Amino acid sequence: MIFLTALSLFWIMISASRGGQWGAWMPSSISAFEGTCVSIPCRFSFPDELRPAVVHGVWYFNSPYPKNYPPVVFKSRTQVVHESFQGRSRLLGDLGLRNCTLLLSNLSPELGGKYYFRGDLGGYNQYTFSEHSVLDIINTPNIVVPPEVMAGTEVEVSCMVPDNCPELHPELSWLGHEGLGEPTVLGRLREEEGTWVQVSLLHFVPTRETNGHRLGCQASFPNTTLQFEGYASLDIKYPPVIVEINSTVEAIEGSHVSLFCGADSNPPPLLTWMRDGTVLREAVAESLSLEVDEVTPAEDGVYLCLAENTYGQDNRTVELSVMYAPWKPTVNGTVVAVEGETVSILCSTQSNPDPILTIFKEKQILATVIYESELQLELPAVTPEDDGEYWCVAENQYGQRATAFNLSVEFAPVILLESHCAAARDTVQCLCVVKANPEPSVAFELPLRNVTVNETEREFVYSERSGLLLTSILTLRGQAQAPPRVICTSHNLYGTKSLELPFQGAHRLMWAKIGPVGAVVAFAILIAIVCYITQTRRKKNVTESPSFSGGDNPPVVFSSDFRISGAPEKYESREVSTLE
């Protein structure tokens, strides 16, 4: 009753605005559930000068022209209708009041289509109106979701169903809304063209977890078995969240490494692998791998996975630790020092994990550290004994590397106690052994004869250096008197040292103390003596070996081709006259 009263008032307003002309009004489209009914509102008008005694009308299906013999839905004159509409159609309106509202019952899909009304005032006063209504037979409720739904922002979802059947009114309920929110039923609403809908609203704040959630609406009709359901999948937009990424990755140098990053977002994110601000790989995908073949220590470091879309971004980092053997150690520090100074030597390397660093000298461990990349060696007040070769060794479970370095300790000359002179027959041999750095100069002084012979006078002195030791040999031949005093003096930039060389007995073999040097020198002396005797015999005025007074200088014989390590291949002897 309420429905008809409201409809009648509506028609009165329509008729007041329409009059005096042929015309009709009805909704351009209308919908109803299968198995229910539908009332198609209709109003028509005709010229006022026509005053028919009776007004008749006809409803056609899918065509407005009678000559096309369209199916008759309703005909007021004869009540003869097409078989598809028998028992299904009747007129709700009063044609005399220009109300042509049509009611269709027991709707089925084949009844969906266009419906036209024709006014029949008798005689030639018949008119088919071009206005028509399209009937849509449905079987699912309409769920309306906003075009963009963002996580964290409240959204309104509506369920709308037609309510154009005066005999059956739908009731709405939500399906799968648990945890989303409580629905709000707005009730029955009239649309712009005079049709009616039932509306139910659901308000909730979506989350990323509700993306893809299947939300349903059910329309049921009391006292019937009619029930219709419709569903919509929620498309929730949300920014990326990285949900999967490698933890710290350890890899041996030369091996294959795969870094994985997976993100959850809607729409799918742009995934980017970066290192130190450089893009290594990117793609629009839910996951992205970064492959590194034959990884090197240069690729050790922190890698960033960045995920971004229109709604935001997220990033995570992963550390790649490349395990490798130590690099060749480098030595930075003092390698030349003066005796008494403090020496600091730094040995450093790179490896992963950090190595064991050790500094050796002559197989003796001087310093060591465990799992450190640097080792500092401190030598307070260095002495000549600290001079020599050192090794810095770095090792971990992946390998070992070593570097040798030399420490040179500079100091003033020291004349060793093994320095002395020895006489054998008419020959005196003086040995001066000096330890010094840098290499010193050596001179032999004969104070009683006011003579000084230095090492540059190779005819008299032979010198050989081995390490820090300088061995100089002075040979005096034809010495029949008591041995002269011989003073050995050595000098370098750090000082001067002198020592009067002690004499040993004539029968003590000097070369027994100096080893191969003595043997070679003795052999050279022997050759020199033979040469001297031969030369003397050639002199006519000399009948015997000369004797020397206290003020004379003895001749000196020197072998210029001399090898410490073995017997010489060739010897040359020279006789030198009295030193001036």
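The values are calculated or read from the model by the stated rules, or taken from the named source; none is laboratory data. None of these values were measured; they are calculated from a predicted model. Cβ sites come from the backbone with ideal geometry, for glycine too, and all protein chains shown count toward neighbours. All accessible areas refer to the heavy atoms of the entire protein, side chains included, with ligands and DNA or RNA removed. Shrake-Rupley method; radii C 1.70, N 1.55, O 1.52, S 1.80 Å.
Annotation: of all residues in the range 453-506 being touching a strand residue (DSSP E or B) at 6+ places or on another chain (Cβ under 6 Å) and basic (K, R), the one that is modelled with the highest pLDDT is K497.
Could you please let me know if T310 is over 20 Å from Y390 (Cα atoms), among the β-branched types (V, I, T), free of Cβ contacts under 8 Å to residues at least 60 places away in the same chain and out of contact with any Asp or Glu (no Cβ under 8 Å at 6 or more places or on another chain)? Please lay out each step first, then the result.
On the way: over 20 Å from Y390 (Cα atoms): yes; among the β-branched types (V, I, T): yes; free of Cβ contacts under 8 Å to residues at least 60 places away in the same chain: no; out of contact with any Asp or Glu (no Cβ under 8 Å at 6 or more places or on another chain): yes.
No, not satisfied.
Considering the conditions (1) over 30 Å from L290 (Cβ atoms); (2) of a type outside the set (V, I, T); (3) touching a strand residue (DSSP E or B) at 6+ places or on another chain (Cβ under 7 Å), Q313 is excluded by exactly one of them, (1). Residues in the range 64-87 that are closer than 20 Å to G112 by Cβ and open to solvent by 50 Å² or more (accessible area, probe 1.4 Å): N68, H82, E83, Q86, G87.
Do we find a residue being of a type in the set (V, I, T), more than 15 Å from V197 (Cα to Cα) and not in a loop (DSSP other than H, G, I, E, B) anywhere in the range 45-58?
Let us first name the residues in the range 45-58 that are of a type in the set (V, I, T), namely 54-55, 58.
Within this subset, residues satisfying the condition of being more than 15 Å from V197 (Cα to Cα) are 54-55, 58.
Now drop any that are not not in a loop (DSSP other than H, G, I, E, B), which leaves 58.
So far as the range 45-58 goes, yes, one or more of its residues are of a type in the set (V, I, T), more than 15 Å from V197 (Cα to Cα) and not in a loop (DSSP other than H, G, I, E, B).
Hey, can you tell me all the residues within the range 433-482 that are in a loop (DSSP other than H, G, I, E, B) and under 30 Å from E339 (Cα atoms)?
P438, E439, P440, E455, T456, G467, L468
Filtered by the rule that a residue be free of Cβ contacts under 8 Å to residues at least 40 places away in the same chain and within 19 Å of I138 (Cβ to Cβ), the range 193-241 gives W196, V197, Q198, T225, Q227. Residue selection: R190 fails the criterion of being open to solvent by 40 Å² or more (accessible area, probe 1.4 Å), in contact (Cβ under 8 Å) with a residue 12 or more places away in the chain and more than 30 Å from G301 (Cβ to Cβ). Within the span defined as the range 115-124, every residue fails to be buried (at least 20 other Cβ atoms within 10 Å of the Cβ), assigned to a loop (DSSP other than H, G, I, E, B) and among the basic types (K, R).
Out of the range 229-254, which residues are of a type in the set (V, I, T), out of contact with any Asp or Glu (no Cβ under 8 Å at 6 or more places or on another chain) and surrounded by 15 or more Cβ atoms within 10 Å (Cβ to Cβ)? Residues satisfying the conditions are I236, I245.
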